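A short write-up of the structure that comes next.
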Amino acid sequence: MVFAANCSRHLPPNAEQLALGKPVTKQLKNDEVHSYTVNLDEGQFLSLSIEQHDVDVITKVFAPNGELLGEFDTPTSGRGAELIRIGAESSGDYRFDIYTLSAGAEPGRYTLQQTALRSITELDRKILSAVKLHQQADALRAKPETRGDSLPVYEKALNIWREVGSESDEANTLRAMGFAYQRLEDLEQAKLHFGRALDIWERIGDPRSAAFTHIIFGVISKKQNDYEAGLREDLKALPLWEQAGDVPEYAQNLVRIGNDYVKLQKREEAVSHFERALEASGKVESKGLKAFVLSQYGDAQAAFGNNRAARDFYQQSLALWESLKQDKAASSLKEKIDKLQS
(Lines give C-alpha, C1' and ligand atoms only; values in the text may rest on other atoms or scores of the structure.)
Protein backbone atom coordinates (compact mmCIF):
# COMPACT_ATOMS: atom_id res chain seq x y z
CA MET A 1 0.00 0.00 0.00
CA VAL A 2 1.30 3.48 -0.85
CA PHE A 3 0.50 7.10 -0.15
CA ALA A 4 0.49 9.64 -2.93
CA ALA A 5 1.56 13.04 -1.67
CA ASN A 6 1.78 16.65 -2.78
CA CYS A 7 2.63 19.84 -0.94
CA SER A 8 0.63 22.57 -2.68
CA ARG A 9 -2.94 23.74 -2.91
CA HIS A 10 -3.31 22.15 -6.37
CA LEU A 11 -2.78 18.42 -6.86
CA PRO A 12 -0.02 17.80 -9.45
CA PRO A 13 -0.52 14.93 -11.90
CA ASN A 14 2.77 13.31 -10.82
CA ALA A 15 2.21 13.12 -7.06
CA GLU A 16 5.09 11.72 -5.04
CA GLN A 17 4.57 8.10 -4.02
CA LEU A 18 5.34 7.41 -0.36
CA ALA A 19 5.66 3.91 1.06
CA LEU A 20 3.25 3.42 3.94
CA GLY A 21 4.86 2.08 7.08
CA LYS A 22 7.85 4.42 6.85
CA PRO A 23 7.73 7.71 8.78
CA VAL A 24 7.52 10.78 6.55
CA THR A 25 8.89 14.08 7.86
CA LYS A 26 8.14 17.38 6.12
CA GLN A 27 8.29 21.09 6.82
CA LEU A 28 4.93 22.89 6.83
CA LYS A 29 4.30 26.61 6.30
CA ASN A 30 1.03 28.32 7.05
CA ASP A 31 0.19 28.84 3.36
CA GLU A 32 0.58 25.18 2.42
CA VAL A 33 -1.67 22.14 2.32
CA HIS A 34 0.01 18.74 2.20
CA SER A 35 -2.29 16.14 0.66
CA TYR A 36 -1.89 12.38 0.94
CA THR A 37 -4.02 9.58 -0.44
CA VAL A 38 -4.16 5.97 0.61
CA ASN A 39 -6.11 3.20 -1.09
CA LEU A 40 -8.28 1.24 1.35
CA ASP A 41 -10.58 -1.70 0.89
CA GLU A 42 -14.08 -1.59 2.29
CA GLY A 43 -14.05 -2.75 5.90
CA GLN A 44 -10.47 -1.71 6.71
CA PHE A 45 -9.42 0.31 9.76
CA LEU A 46 -6.55 2.78 9.43
CA SER A 47 -4.80 4.72 12.17
CA LEU A 48 -2.22 7.42 11.47
CA SER A 49 -0.10 9.42 13.89
CA ILE A 50 1.20 12.91 13.15
CA GLU A 51 3.99 14.03 15.47
CA GLN A 52 4.14 17.83 15.50
CA HIS A 53 7.35 19.81 15.85
CA ASP A 54 6.61 23.53 16.39
CA VAL A 55 3.52 23.50 14.19
CA ASP A 56 -0.10 22.89 15.16
CA VAL A 57 -1.50 20.79 12.32
CA ILE A 58 -5.11 20.23 11.31
CA THR A 59 -6.07 17.21 9.21
CA LYS A 60 -9.17 16.86 7.05
CA VAL A 61 -10.10 13.39 5.81
CA PHE A 62 -12.08 12.84 2.62
CA ALA A 63 -13.79 9.68 1.32
CA PRO A 64 -13.22 8.45 -2.26
CA ASN A 65 -16.34 10.36 -3.37
CA GLY A 66 -14.96 13.62 -1.95
CA GLU A 67 -17.18 13.67 1.15
CA LEU A 68 -15.54 15.21 4.22
CA LEU A 69 -15.35 12.46 6.83
CA GLY A 70 -13.92 14.50 9.67
CA GLU A 71 -11.47 17.09 10.92
CA PHE A 72 -8.80 16.16 13.44
CA ASP A 73 -7.25 18.86 15.65
CA THR A 74 -6.27 18.12 19.24
CA PRO A 75 -5.10 21.12 21.32
CA THR A 76 -1.43 20.19 21.53
CA SER A 77 0.21 23.65 21.29
CA GLY A 78 2.12 22.73 18.15
CA ARG A 79 3.98 19.79 19.65
CA GLY A 80 3.03 16.22 20.41
CA ALA A 81 0.99 13.69 18.47
CA GLU A 82 -2.30 13.92 16.59
CA LEU A 83 -4.06 10.57 16.10
CA ILE A 84 -6.27 9.99 13.03
CA ARG A 85 -8.53 6.93 12.92
CA ILE A 86 -10.91 6.06 10.11
CA GLY A 87 -12.91 3.09 8.86
CA ALA A 88 -13.38 2.51 5.14
CA GLU A 89 -17.07 2.21 4.26
CA SER A 90 -16.20 1.87 0.57
CA SER A 91 -13.11 0.92 -1.40
CA GLY A 92 -10.98 3.61 -3.00
CA ASP A 93 -8.56 6.45 -2.35
CA TYR A 94 -8.97 8.31 0.94
CA ARG A 95 -7.41 11.77 1.08
CA PHE A 96 -5.74 13.40 4.06
CA ASP A 97 -5.16 17.18 3.85
CA ILE A 98 -2.66 18.46 6.41
CA TYR A 99 -2.36 22.20 7.01
CA THR A 100 -1.89 24.75 9.78
CA LEU A 101 -3.52 28.01 10.79
CA SER A 102 -0.49 28.97 12.88
CA ALA A 103 1.08 32.16 11.57
CA GLY A 104 4.51 31.16 12.84
CA ALA A 105 7.60 33.12 11.87
CA GLU A 106 9.41 29.91 11.01
CA PRO A 107 8.07 26.73 9.39
CA GLY A 108 7.44 23.76 11.64
CA ARG A 109 7.81 20.07 10.90
CA TYR A 110 5.62 17.05 11.25
CA THR A 111 6.24 13.31 11.03
CA LEU A 112 3.48 11.15 9.58
CA GLN A 113 3.36 7.41 10.16
CA GLN A 114 0.95 4.50 10.17
CA THR A 115 0.10 3.04 13.57
CA ALA A 116 -2.53 0.46 12.55
CA LEU A 117 -4.02 -1.12 9.42
CA ARG A 118 -6.38 -4.07 9.72
CA SER A 119 -9.84 -5.39 9.09
CA ILE A 120 -12.30 -3.54 11.31
CA THR A 121 -13.02 -5.32 14.60
CA GLU A 122 -15.92 -4.77 16.96
CA LEU A 123 -13.57 -2.81 19.21
CA ASP A 124 -12.58 -0.62 16.25
CA ARG A 125 -16.25 0.11 15.53
CA LYS A 126 -16.71 1.37 19.08
CA ILE A 127 -13.58 3.50 18.80
CA LEU A 128 -14.77 5.02 15.51
CA SER A 129 -18.17 5.71 17.04
CA ALA A 130 -16.55 7.61 19.91
CA VAL A 131 -14.28 9.52 17.52
CA LYS A 132 -17.33 10.60 15.49
CA LEU A 133 -19.23 11.66 18.61
CA HIS A 134 -16.27 13.71 19.83
CA GLN A 135 -16.01 15.46 16.46
CA GLN A 136 -19.75 16.19 16.45
CA ALA A 137 -19.42 17.66 19.93
CA ASP A 138 -16.43 19.77 18.83
CA ALA A 139 -18.56 21.25 16.04
CA LEU A 140 -21.33 22.09 18.52
CA ARG A 141 -18.85 23.58 20.99
CA ALA A 142 -17.45 25.88 18.31
CA LYS A 143 -20.74 27.82 18.05
CA PRO A 144 -21.99 29.89 21.02
CA GLU A 145 -25.62 29.01 20.32
CA THR A 146 -24.98 25.23 20.45
CA ARG A 147 -22.10 25.11 22.95
CA GLY A 148 -24.27 23.70 25.73
CA ASP A 149 -25.56 20.99 23.38
CA SER A 150 -22.02 19.66 23.00
CA LEU A 151 -21.87 18.37 26.58
CA PRO A 152 -24.26 15.38 26.33
CA VAL A 153 -22.57 14.37 23.06
CA TYR A 154 -19.15 14.44 24.71
CA GLU A 155 -20.67 12.38 27.54
CA LYS A 156 -21.67 9.66 25.07
CA ALA A 157 -18.12 9.56 23.70
CA LEU A 158 -16.77 9.50 27.25
CA ASN A 159 -18.82 6.42 28.11
CA ILE A 160 -17.43 4.56 25.10
CA TRP A 161 -13.83 5.47 25.92
CA ARG A 162 -14.35 4.11 29.41
CA GLU A 163 -15.96 0.96 28.02
CA VAL A 164 -13.02 0.24 25.69
CA GLY A 165 -10.44 1.30 28.29
CA SER A 166 -8.80 4.09 26.29
CA GLU A 167 -7.64 6.41 29.06
CA SER A 168 -5.84 8.91 26.83
CA ASP A 169 -8.98 9.38 24.73
CA GLU A 170 -11.06 9.65 27.90
CA ALA A 171 -8.76 12.43 29.13
CA ASN A 172 -8.95 14.27 25.80
CA THR A 173 -12.76 14.22 25.94
CA LEU A 174 -12.78 15.38 29.56
CA ARG A 175 -10.49 18.26 28.56
CA ALA A 176 -12.83 19.18 25.69
CA MET A 177 -15.75 19.23 28.13
CA GLY A 178 -13.67 21.47 30.37
CA PHE A 179 -13.20 23.91 27.49
CA ALA A 180 -16.96 23.87 26.83
CA TYR A 181 -17.76 24.64 30.47
CA GLN A 182 -15.06 27.32 30.50
CA ARG A 183 -16.63 29.07 27.49
CA LEU A 184 -20.03 28.74 29.17
CA GLU A 185 -18.45 30.49 32.19
CA ASP A 186 -19.17 27.57 34.49
CA LEU A 187 -15.67 27.59 35.91
CA GLU A 188 -16.33 25.11 38.71
CA GLN A 189 -17.47 22.43 36.24
CA ALA A 190 -14.58 23.39 33.96
CA LYS A 191 -12.06 22.85 36.75
CA LEU A 192 -13.74 19.58 37.73
CA HIS A 193 -13.37 18.15 34.21
CA PHE A 194 -9.85 19.50 33.70
CA GLY A 195 -8.93 17.96 37.06
CA ARG A 196 -10.26 14.54 36.05
CA ALA A 197 -8.26 14.74 32.83
CA LEU A 198 -5.16 15.73 34.80
CA ASP A 199 -5.56 12.72 37.10
CA ILE A 200 -5.50 10.42 34.07
CA TRP A 201 -2.49 12.08 32.44
CA GLU A 202 -0.54 11.86 35.68
CA ARG A 203 -1.48 8.19 36.03
CA ILE A 204 -0.55 7.17 32.47
CA GLY A 205 2.61 9.32 32.40
CA ASP A 206 1.80 12.06 29.88
CA PRO A 207 3.79 15.07 31.18
CA ARG A 208 3.01 17.26 28.16
CA SER A 209 -0.76 17.04 28.58
CA ALA A 210 -0.42 17.39 32.35
CA ALA A 211 1.67 20.56 31.93
CA PHE A 212 -0.84 22.01 29.48
CA THR A 213 -3.63 21.37 32.00
CA HIS A 214 -1.77 23.15 34.80
CA ILE A 215 -1.44 26.14 32.48
CA ILE A 216 -5.21 26.06 31.88
CA PHE A 217 -5.77 26.05 35.65
CA GLY A 218 -3.42 29.01 35.87
CA VAL A 219 -5.36 30.93 33.22
CA ILE A 220 -8.61 30.31 35.10
CA SER A 221 -7.08 31.46 38.39
CA LYS A 222 -5.67 34.64 36.86
CA LYS A 223 -9.03 35.37 35.21
CA GLN A 224 -10.45 35.28 38.74
CA ASN A 225 -7.68 37.71 39.81
CA ASP A 226 -5.97 35.05 41.95
CA TYR A 227 -2.45 35.58 40.64
CA GLU A 228 -0.78 33.63 43.45
CA ALA A 229 -2.80 30.54 42.49
CA GLY A 230 -2.02 31.15 38.82
CA LEU A 231 1.68 31.30 39.64
CA ARG A 232 1.48 28.02 41.56
CA GLU A 233 -0.05 26.27 38.54
CA ASP A 234 2.56 27.69 36.16
CA LEU A 235 5.32 26.52 38.53
CA LYS A 236 3.81 23.01 38.55
CA ALA A 237 3.91 22.93 34.74
CA LEU A 238 7.60 23.84 34.50
CA PRO A 239 9.24 20.51 35.49
CA LEU A 240 6.69 18.64 33.37
CA TRP A 241 7.84 20.44 30.20
CA GLU A 242 11.40 19.56 31.19
CA GLN A 243 10.36 15.94 31.70
CA ALA A 244 8.74 15.95 28.26
CA GLY A 245 11.97 17.28 26.75
CA ASP A 246 10.12 20.25 25.27
CA VAL A 247 12.60 23.13 25.41
CA PRO A 248 10.44 25.71 23.56
CA GLU A 249 7.47 25.16 25.89
CA TYR A 250 9.85 25.14 28.86
CA ALA A 251 11.19 28.54 27.77
CA GLN A 252 7.70 29.94 27.20
CA ASN A 253 6.63 28.65 30.61
CA LEU A 254 9.55 30.49 32.20
CA VAL A 255 8.30 33.65 30.47
CA ARG A 256 4.82 32.95 31.80
CA ILE A 257 6.18 32.64 35.35
CA GLY A 258 8.25 35.79 34.88
CA ASN A 259 5.11 37.68 33.89
CA ASP A 260 3.32 36.25 36.93
CA TYR A 261 6.02 37.73 39.15
CA VAL A 262 5.76 41.07 37.32
CA LYS A 263 2.05 41.10 38.11
CA LEU A 264 2.88 40.35 41.75
CA GLN A 265 5.53 43.11 41.77
CA LYS A 266 8.36 40.69 42.59
CA ARG A 267 11.19 42.07 40.47
CA GLU A 268 14.02 39.76 41.53
CA GLU A 269 12.01 36.60 40.88
CA ALA A 270 10.75 37.95 37.55
CA VAL A 271 14.23 38.80 36.30
CA SER A 272 15.55 35.40 37.39
CA HIS A 273 12.93 33.57 35.34
CA PHE A 274 13.38 35.77 32.28
CA GLU A 275 17.13 35.12 32.41
CA ARG A 276 16.44 31.39 32.54
CA ALA A 277 14.03 31.76 29.61
CA LEU A 278 16.73 33.52 27.58
CA GLU A 279 19.19 30.74 28.38
CA ALA A 280 16.65 28.07 27.37
CA SER A 281 15.77 29.86 24.12
CA GLY A 282 19.43 29.73 23.13
CA LYS A 283 19.35 25.93 23.20
CA VAL A 284 17.05 25.61 20.17
CA GLU A 285 17.44 26.94 16.64
CA SER A 286 14.47 29.29 16.69
CA LYS A 287 14.88 33.01 16.11
CA GLY A 288 11.16 33.41 16.71
CA LEU A 289 11.35 31.92 20.20
CA LYS A 290 14.32 34.09 21.18
CA ALA A 291 12.62 37.20 19.75
CA PHE A 292 9.51 36.41 21.79
CA VAL A 293 11.49 35.98 25.02
CA LEU A 294 13.46 39.20 24.45
CA SER A 295 10.29 41.17 23.74
CA GLN A 296 8.57 39.84 26.86
CA TYR A 297 11.68 40.56 28.93
CA GLY A 298 11.58 44.10 27.59
CA ASP A 299 7.95 44.45 28.68
CA ALA A 300 8.92 43.27 32.17
CA GLN A 301 11.77 45.76 32.43
CA ALA A 302 9.47 48.55 31.25
CA ALA A 303 6.90 47.56 33.88
CA PHE A 304 9.57 47.96 36.56
CA GLY A 305 10.62 51.35 35.16
CA ASN A 306 13.97 50.16 33.75
CA ASN A 307 13.60 51.92 30.40
CA ARG A 308 17.20 51.53 29.24
CA ALA A 309 17.16 47.76 29.79
CA ALA A 310 13.71 47.53 28.20
CA ARG A 311 14.91 49.39 25.10
CA ASP A 312 17.95 47.11 24.80
CA PHE A 313 15.80 43.97 24.87
CA TYR A 314 13.31 45.48 22.44
CA GLN A 315 16.08 46.33 19.97
CA GLN A 316 17.51 42.82 20.13
CA SER A 317 14.05 41.38 19.56
CA LEU A 318 13.37 43.84 16.73
CA ALA A 319 16.48 42.75 14.84
CA LEU A 320 15.35 39.13 14.99
CA TRP A 321 11.75 39.85 13.93
CA GLU A 322 13.02 41.96 11.00
CA SER A 323 15.34 39.14 9.90
CA LEU A 324 12.28 36.86 9.89
CA LYS A 325 10.27 39.48 7.95
CA GLN A 326 7.64 39.63 10.70
CA ASP A 327 6.42 43.16 9.99
CA LYS A 328 3.59 43.20 12.53
CA ALA A 329 5.83 42.20 15.45
CA ALA A 330 8.55 44.59 14.28
CA SER A 331 6.09 47.49 14.00
CA SER A 332 4.80 46.86 17.52
CA LEU A 333 8.33 46.91 18.93
CA LYS A 334 9.20 50.12 17.10
CA GLU A 335 6.20 51.77 18.73
CA LYS A 336 7.36 50.58 22.16
CA ILE A 337 10.89 51.85 21.54
CA ASP A 338 9.60 55.24 20.36
CA LYS A 339 7.40 55.49 23.44
CA LEU A 340 10.37 54.84 25.74
CA GLN A 341 12.47 57.45 23.94
CA SER A 342 9.79 60.15 24.00
Residue under question is R162, and the condition is that it be surrounded by fewer than 16 Cβ atoms within 10 Å (Cβ to Cβ) and part of a helix (DSSP H, G or I); does it hold?
yes
Whether any residue in the range 98-109 is within 30 Å of L320 (Cα to Cα), touching a Pro at 6+ places or on another chain (Cβ under 6 Å) and outside any loop (DSSP other than H, G, I, E, B) is what I want to check.
no
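Going by the structure shown, is R267 basic (K, R), in contact with an Asp or Glu (Cβ under 8 Å, 6 or more places away or on another chain), farther than 24 Å from E170 by Cα and crowded, with 16+ Cβ neighbours inside 10 Å? So that I can check it myself, show each step before the final result.
On the way: basic (K, R): yes; in contact with an Asp or Glu (Cβ under 8 Å, 6 or more places away or on another chain): no; farther than 24 Å from E170 by Cα: yes; crowded, with 16+ Cβ neighbours inside 10 Å: yes.
No.
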Would a scan of the range 298-320 turn up a residue that is at pLDDT 95 or above, assigned to a helix (DSSP H, G or I), under 25 Å from the mean Cα position of the chain (by Cα) and over 30 Å from A210 (Cβ atoms)?
yes
Only one of R118, R147 is assigned to a strand (DSSP E or B) and either touching a Cys at 6+ places or on another chain (Cβ under 9 Å) or among the basic types (K, R) (or both); which?
R118
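Taking the conditions exactly as written (under 27 Å from G305 (Cβ atoms), touching a residue at least 12 places away in the same chain (Cβ under 8 Å), touching a helix residue (DSSP H, G or I) at 6+ places or on another chain (Cβ under 9 Å) and not acidic (D, E)), does V262 satisfy them or not?
Values: under 27 Å from G305 (Cβ atoms): yes; touching a residue at least 12 places away in the same chain (Cβ under 8 Å): yes; touching a helix residue (DSSP H, G or I) at 6+ places or on another chain (Cβ under 9 Å): yes; not acidic (D, E): yes.
Here the answer is yes, as V262 does meet what is asked.
If you take the residues of the range 117-173 that are of a type in the set (V, I, T) and within 20 Å of the chain's Cα centre (by Cα), which of them is farthest from E71 (Cα to Cα)?
Result: T173.
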How many of the residues in the range 63-85 are more than 30 Å from S317 (Cα to Cα), touching a Phe, Trp or Tyr at 6+ places or on another chain (Cβ under 7 Å) and touching a residue at least 12 places away in the same chain (Cβ under 8 Å)?
5
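For the range 165-195, enumerate the residues that are charged (D, E, K, R) and either more than 12 Å from T213 (Cα to Cα) or surrounded by fewer than 20 Cβ atoms within 10 Å (Cβ to Cβ) (or both). Steps first, answer last, please.
Initial filter on the range 165-195 (charged (D, E, K, R)): 167, 169-170, 175, 183, 185-186, 188, 191.
Matches in the range 165-195: E167, D169, E170, R183, E185, D186, E188, K191.
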When both residues are 6+ apart or on different chains and their Cβ atoms are under 7 Å apart, which pairs have a first residue that lies in the range 303-315 and is farther than 16 Å from L333 by Cβ and touching a residue at least 40 places away in the same chain (Cβ under 8 Å), and a second that is charged (D, E, K, R) and surrounded by 16 or more Cβ atoms within 10 Å (Cβ to Cβ)?
F304/R267
Residues that are over 24 Å from the mean Cα position of the chain (by Cα) and buried (at least 16 other Cβ atoms within 10 Å of the Cβ), drawn from the range 321-331
A330
Of all residues in the range 250-286, count the ones that are at pLDDT below 95 and within 19 Å of the chain's Cα centre (by Cα).
2
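From K29, K60, grab the single residue that is surrounded by fewer than 17 Cβ atoms within 10 Å (Cβ to Cβ), within 30 Å of H214 (Cα to Cα) and in contact (Cβ under 8 Å) with a residue 12 or more places away in the chain. Working first, answer last.
Values: K60 fails: surrounded by fewer than 17 Cβ atoms within 10 Å (Cβ to Cβ).
Among K29, K60, only K29 is surrounded by fewer than 17 Cβ atoms within 10 Å (Cβ to Cβ), within 30 Å of H214 (Cα to Cα) and in contact (Cβ under 8 Å) with a residue 12 or more places away in the chain.
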If we only count strands (runs of 3 or more DSSP E) wholly inside the range 1-96, which ones have 1 or more residues that are more than 29 Å from A171 (Cβ to Cβ), out of contact with any helix residue (DSSP H, G or I) (no Cβ under 9 Å at 6 or more places or on another chain) and at pLDDT 85 or above?
24-28, 33-40
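The values are calculated or read from the model by the stated rules, or taken from the named source; none is laboratory data. Given the structure is predicted, the values throughout are model-derived calculations rather than measurements. Counting neighbours? That spans all protein chains shown, and the Cβs are built from the backbone with ideal geometry, glycine included.
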